[in-house]
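S.K.: First the structure, then my questions, so here it is.
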Amino acid sequence: HGNGNGADHPSTGSSHTTPVLLVSRLYQPANLREVGQESRQAGEMTCKSQRLMQQAGLIHPSNPGCYYYLPATVRAMEKLVRLIDQEMQGIGGQKLDMPSLCSAELWRSSERWDLMGKELFRLQDRHGVDYCLGPTHEEAVTTLVAHQASLSYRQLPILLYQITRKFRDEPKPRFGLLRGREFYMKDMYSFDVSEEAARHTYDSVCQAYGRLFSRLGLRCLRVQADAGNIGGTLSHEFQLPADIGEDRLLVCGGCSFAANEETLAPGETDCPRCPAGPLAESKGIEVGHTFYLGTKYSRVFNATFSNHQNRPVVSEMGCYGLGVTRILAAAVEVMSTEEAIRWPGLLAPYQVCVVPPKKGSKGSEEGAAQTEGLVHALLGGLPRLRGEVALDDRTQMTIGRRLKDAVRLGYPYVVVVGQGAQEETPRFEVICQQTDETMFLSKDQLVDLL
Ligand code: ATP
Ligand code: MG
Ligand code: MG
Ligand code: MG
């Protein structure tokens with residue numbers, strides 16, 4: 001059958017919606033060969049998340065630091081984007097989308113055209129005018145806000161954010177999506193009336209980041225950070241502890257002090273805040289970064305608002321990044337086992353995988369009918385599972401073989417229609433991958449569980 005809507009699978013619904021994914025139809029070119037060879041030839045290093053994601057057909061390498069994000073990855077990304085949208089809009093953020101092609105003129109004004117050095121991807125148009133591919137957008141957003149001549153103090157704070165591809169000519173692209181040369185970032189910029197107001201905005205963004213990571217079930221450390229060439233005076237990074245992390249962190253056991261090693265003077269090995277003594281060293285993956293910028297960019301681009309006395313005042317700014325593709329890979333990195341992917345529940349591309357019996361095996365016809373009834377009950381009882389159920393219809397394969405795939409791909413729930421489904425009160429084998437528990441449940445119990 002050609003169109004994938006499966007006329008022989010009535011449970012897959014109409015041709016307009018696809019409430020059930022047929023695993024045989026998913027474009028997921030699993031690459032079970034030893035992954036790493038191509039990457040190593042391209043001069044990249046590999047890590048667990050890169051290996052697992054490539055093997056499972058979630059990503060495919062293109063050129064150094066660039067990947068195809070395959071369909072299941074795009075689903076996970078879209079889920080992450082929705083969560084980020086909720087958190088950013090929850091604190092008053094408004095989403096916009098800025099050009100990736102950025103004029104050199106703006107970057108010369110901020111002096112970053114030279115400062116960024118080789119990390120900036122530069123190009124020229126047909127008239128010989130210089131551009132760069134945006135690695136971050138302080139210049140662009142500040143000129144945008146500066147254009148609004150009539151901006152009043154009553155309209156502040158303004159929080160603008162986007163989730164777009166960023167381009168950086170990284171000296172060492174590696175670890176799959178963790179360090180790409182083209183990657184997705186959420187970047188938000190805030191404009192406030194005073195330093196006090198800007199610090200308040202800064203805190204509310206940090207809290208939103210904290211909520212996001214706790215919803216994802218990721219333990220994240222907020223550490224004091226260096227502002228680098230973005231500039232500013234107050235800065236924090238959100239770090240996921242992991243062995244392959246490229247940042248060194250120093251954390252106090254006695255109080256909440258934690259810092260990126262870059263911010264401390266060599267030798268500074270004791271906690272500067274409490275008498276607990278030596279700081280413990282660990283490694284982290286930087287998944288987010290917040291900066292209080294002051295007027296560094298607003299002064300240059302003349303981004304002002306009119307105050308109570310109707311006089312122009314330069315806005316106080318902040319900027320706040322989240323590595324969207326990096327968070328996805330970092331979550332896979334810290335949650336997975338060596339063999340099997342584990343996702344934060346909210347990001348798994350599909351929530352449930354149903355595995356019916358092998359075609360021609362004993363009781364396979366009853367099993368197929370049971371499967372149909374089960375899928376029907378799930379979708380009928382739980383509308384939020386529409387589009388979240390995968391049916392492993394590769395019934396020429398044994399249950400065991402398909403189960404192995406499902407475990408490897410990390411569906412939060414795998415439901416096997418096996419021998420138990422033939423009994424008088426049919427039971428389904430349910431594997432909860434998050435907790436590694438296996439249960440035998442009736443259809444109703446399963447609906448209750450999910
Ligand atoms: P790093 O220290 O890892 O190079 P950065 O400090 O240069 O990161 P920022 O300018 O702070 O990065 O950008 C904001 C966020 O964008 C980072 O916290 C990170 O999550 C993400 N990010 C930065 N560079 C990359 C990259 N090359 N690939 C994927 N995500 C990235
Ligand atoms: Mg960098
Ligand atoms: Mg950094
Ligand atoms: Mg940073």
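S.K.: Answer yes or no as to whether Val205 is hydrophobic (A, V, I, L, M, F, W, C), buried (at least 22 other Cβ atoms within 10 Å of the Cβ), at pLDDT 95 or above and within 16 Å of ligand 3 (Cβ to nearest atom). Give the steps one after another, and end with the answer.
M.R.: Working: hydrophobic (A, V, I, L, M, F, W, C): yes; buried (at least 22 other Cβ atoms within 10 Å of the Cβ): yes; at pLDDT 95 or above: yes; within 16 Å of ligand 3 (Cβ to nearest atom): no.
Against the criterion (hydrophobic (A, V, I, L, M, F, W, C), buried (at least 22 other Cβ atoms within 10 Å of the Cβ), at pLDDT 95 or above and within 16 Å of ligand 3 (Cβ to nearest atom)), Val205 does not qualify.
S.K.: Would you please name the residue that is nearest to the chain's Cα centre (by Cα), looking only at residues in region 174-202 that are more than 16 Å from ligand 3 (Cβ to nearest atom) and of a type in the set (Phe, Trp, Tyr)?
M.R.: Tyr184
S.K.: Cβ-Cβ below 6 Å, separation at least six or inter-chain, first residue in region 141-170 and of a type in the set (Gly, Ala, Ser), second at pLDDT 95 or above and outside any helix (DSSP H, G or I): which pairs?
M.R.: Once the first residue is of a type in the set (Gly, Ala, Ser) and sits in region 141-170, its partners that are at pLDDT 95 or above and outside any helix (DSSP H, G or I) give Ala146/Asn302; Ala146/Ala303; Ser152/Ser306.
S.K.: Sort through Ala140, Ala149 and tell me the only one that's in contact with a Cys (Cβ under 9 Å, 6 or more places away or on another chain) and surrounded by fewer than 22 Cβ atoms within 10 Å (Cβ to Cβ).
M.R.: On the way: Ala149 fails: in contact with a Cys (Cβ under 9 Å, 6 or more places away or on another chain).
Checking each option against the conditions leaves just Ala140.
S.K.: Sort out for me the helices (runs of 4 or more DSSP H) sitting completely within region 362-450 that have 1 or more residues that are in contact with a Ser or Thr (Cβ under 7 Å, 6 or more places away or on another chain). Talk me through it step by step, then tell me what you get.
M.R.: Working: elements: 364-381, 399-409, 443-449.
Here the list reads 364-381.
S.K.: List the strands (runs of 3 or more DSSP E) inside region 218-330, counting only whole elements, that have at least 3 residues being without any contact (Cβ under 8 Å) to a residue 40 or more places away in the chain and not small (Gly, Ala, Ser).
M.R.: On the way: elements: 221-224, 234-241, 247-251, 258-260, 280-294, 304-306, 312-314, 316-323.
Because the criterion is at least 3 residues that are without any contact (Cβ under 8 Å) to a residue 40 or more places away in the chain and not small (Gly, Ala, Ser), the strands (runs of 3 or more DSSP E) in region 218-330 that meet it are 247-251.
Quick grid of which residues meet (1) touching a Cys at 6+ places or on another chain (Cβ under 9 Å); (2) of a type in the set (Ser, Thr, Tyr); (3) more than 14 Å from ligand 3 (Cβ to nearest atom):
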| position | (1), (2), (3) |
| --- | --- |
| Leu218 | no, no, yes |
| Leu240 | yes, no, no |
| Glu246 | no, no, no |
| Gly254 | yes, no, yes |
| Ala265 | no, no, yes |
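S.K.: While we're looking at this one, here's another question. With respect to the numbered conditions (1) in contact (Cβ under 8 Å) with a residue 24 or more places away in the chain; (2) crowded, with 16+ Cβ neighbours inside 10 Å, which one is the sole condition not fulfilled by Arg427?
M.R.: It is condition (1) that Arg427 fails.
S.K.: State whether the residues of region 222-231 include one that is surrounded by fewer than 22 Cβ atoms within 10 Å (Cβ to Cβ), basic (Lys, Arg) and more than 16 Å from ligand 4 (Cβ to nearest atom).
M.R.: no
S.K.: A further question follows. Can you confirm whether region 155-167 contains a residue that is modelled with pLDDT of 95 or more and over 24 Å from Glu87 (Cα atoms)?
M.R.: Pass one, region 155-167, residues modelled with pLDDT of 95 or more: 155-167.
Those still in the list that are over 24 Å from Glu87 (Cα atoms) too: 167.
The answer is yes; a qualifying residue exists.
S.K.: Just for region 99-121: of the residues that are within 27 Å of the chain's Cα centre (by Cα) and surrounded by fewer than 16 Cβ atoms within 10 Å (Cβ to Cβ), which one is farthest from Arg165 (Cα to Cα)?
M.R.: Residues of region 99-121 that are within 27 Å of the chain's Cα centre (by Cα), as a first pass: 99-102, 116, 118-121.
Still in the list and also surrounded by fewer than 16 Cβ atoms within 10 Å (Cβ to Cβ): 99, 101, 118-119.
Details: Pro99: 10, Leu101: 11, Lys118: 18, Glu119: 15 Å.
For region 99-121, the residue satisfying everything is Lys118.
S.K.: Can you find a residue that is in a strand (DSSP E or B) and within 14 Å of Val324 (Cα to Cα) anywhere in region 188-208? Steps first, please.
M.R.: Looking only at region 188-208, we keep the residues that are in a strand (DSSP E or B), and these are 188-192.
Adding the requirement that they be within 14 Å of Val324 (Cα to Cα) leaves 188.
Scanning region 188-208, I find at least one residue that is in a strand (DSSP E or B) and within 14 Å of Val324 (Cα to Cα), so the answer is yes.
S.K.: Considering only residues that are buried (at least 19 other Cβ atoms within 10 Å of the Cβ) and closer than 16 Å to Val193 by Cβ, look in region 298-309 and name the one that is nearest to ligand 1 (Cβ to nearest atom).
M.R.: Residue satisfying both the conditions and the ranking: Ser298.
S.K.: Would you point out the residue of region 277-294, among those that are among the hydroxyl-bearing types (Ser, Thr, Tyr) and within 18 Å of Gly228 (Cβ to Cβ), that is farthest from ligand 4 (Cβ to nearest atom)?
M.R.: Tyr292
S.K.: Could you list all residues from region 150-174 that are over 19 Å from Gly92 (Cα atoms), touching a strand residue (DSSP E or B) at 6+ places or on another chain (Cβ under 9 Å) and not hydroxyl-bearing (Ser, Thr, Tyr)?
M.R.: Within region 150-174, Arg165, Lys166, Phe167, Arg168, Asp169, Glu170, Lys172, Pro173 meet the criteria.
S.K.: Only one residue in Thr269, Thr263, Thr295, Thr290 is surrounded by 14 or more Cβ atoms within 10 Å (Cβ to Cβ), hydroxyl-bearing (Ser, Thr, Tyr) and more than 16 Å from ligand 1 (Cβ to nearest atom), so which one is that?
M.R.: Working: Thr269 fails: surrounded by 14 or more Cβ atoms within 10 Å (Cβ to Cβ); Thr263 fails: more than 16 Å from ligand 1 (Cβ to nearest atom); Thr290 fails: more than 16 Å from ligand 1 (Cβ to nearest atom).
Thr295 is the lone residue from the list that is surrounded by 14 or more Cβ atoms within 10 Å (Cβ to Cβ), hydroxyl-bearing (Ser, Thr, Tyr) and more than 16 Å from ligand 1 (Cβ to nearest atom).
S.K.: Which members of region 254-276 meet the condition of being over 21 Å from Ala330 (Cβ atoms) and within 16 Å of ligand 4 (Cβ to nearest atom)?
M.R.: From region 254-276, those over 21 Å from Ala330 (Cβ atoms) are 254-257, 263-276; that's our starting set.
Result: Thr263, single match.
S.K.: Something else now. Of all residues being acidic (Asp, Glu) and either more than 16 Å from ligand 2 (Cβ to nearest atom) or farther than 19 Å from Gly323 by Cα (or both) in region 236-277, which is nearest to the chain's Cα centre (by Cα)? Just the residue, please.
M.R.: Step one: filter region 236-277 for residues acidic (Asp, Glu), giving 237, 243, 246-247, 261-262, 268, 270.
So of that shortlist, the ones also either more than 16 Å from ligand 2 (Cβ to nearest atom) or farther than 19 Å from Gly323 by Cα (or both) come out as 243, 261-262, 268, 270.
Values: Asp243: 19, Glu261: 25, Glu262: 25, Glu268: 34, Asp270: 34 Å.
The residue in question is Asp243.
The values are calculated or read from the model by the stated rules, or taken from the named source; none is laboratory data. Only a predicted model underlies this, so the values are computations on that prediction, with no experimental measurement involved. Virtual Cβ from ideal backbone geometry, glycine too; neighbours counted across all protein chains shown.
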